[in-house]
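What follows is a short report on a single structure.
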Amino acid sequence: SPLPKSNESSSSLNELLDHLLMLLEKKDPQQFFAWPVTDAIAPGYSSIISQPMDFSTMKLKIQENGYTNLKQFQSDFELMCNNCMTYNQQDTIYYKAAKKLLHIGQKFMVPEKLLSLRREVP
Ligand SMILES: COc1ccc(OC)c(-c2cc(C(C)=O)n3cccnc23)c1
């Protein structure tokens with residue numbers, strides 16, 4: 001089915017979300033969260049994690065107008081981090097990376113911070 005026509009508000013939300021996603025991706029230099037986790041690299045992953053999420057999936061969702069508000073974007077981000085802290089033991093580099101990323105993301109996604117982002121996005 002054709003993509004829903006994007007109107008003014010959805011395109012400005014999408015611009016904000018694209019900008020936010022880019023900032024969050026920069027905090028994942030090892031790209032652990034860039035692509036879906038496969039059972040090949042993480043044994044049993046698909047039977048442990050029922051709702052996988054990663055940055056590439058979030059990017060596609062933005063392009064398909066899949067987010068109608070910031071809260072939905074925030075919950076996919078938190079899902080991605082929490083999946084990682086569910087599958088991986090606390091003493092792993094992945095768990096520690098997810099904990100750090102979650103903390104950074106929660107600091108970014110506060111209203112006053114987002115207002116400044118909005119001003120940045122022309
Ligand atoms: C070592 O290089 C990579 C490259 C890509 C990865 O996920 C896209 C991961 C990766 C990412 C994850 C996560 C996010 O749980 N993971 C868990 C166990 C084993 N590997 C991973 C690691």
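The values are calculated or read from the model by the stated rules, or taken from the named source; none is laboratory data. The model shown is predicted, which means the values in this text are computed figures rather than measured ones. Because the Cβ atoms are built from the backbone with ideal geometry, glycine has one as well, and the counts that use them run over all protein chains shown. The protein model used for the area step is the full one, side chains on, heavy atoms only, and it has no ligands, DNA or RNA in it. Shrake-Rupley method; radii C 1.70, N 1.55, O 1.52, S 1.80 Å.
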**Complete:** So, first residue at negative phi in region 26-38, second residue open to solvent by 60 Å² or more (accessible area, probe 1.4 Å) and more than 9 Å from the ligand (Cβ to nearest atom), Cβ within less than 8 Å, six or more apart or across chains; the pairs are LYS27/LYS100; PHE33/GLU25; ALA34/GLU25; PRO36/PRO52; VAL37/PRO52
**Asked** Quick one: is LEU102 away from the ligand (no atom under 16 Å from the Cβ) and either in contact with a helix residue (DSSP H, G or I) (Cβ under 7 Å, 6 or more places away or on another chain) or over 25 Å from SER10 (Cα atoms) (or both)?
**Response** no
**Message:** Of the residues THR57, THR92, only one is within 16 Å of the ligand (Cβ to nearest atom) and touching a Pro at 6+ places or on another chain (Cβ under 8 Å); which?
**Reply:** THR57
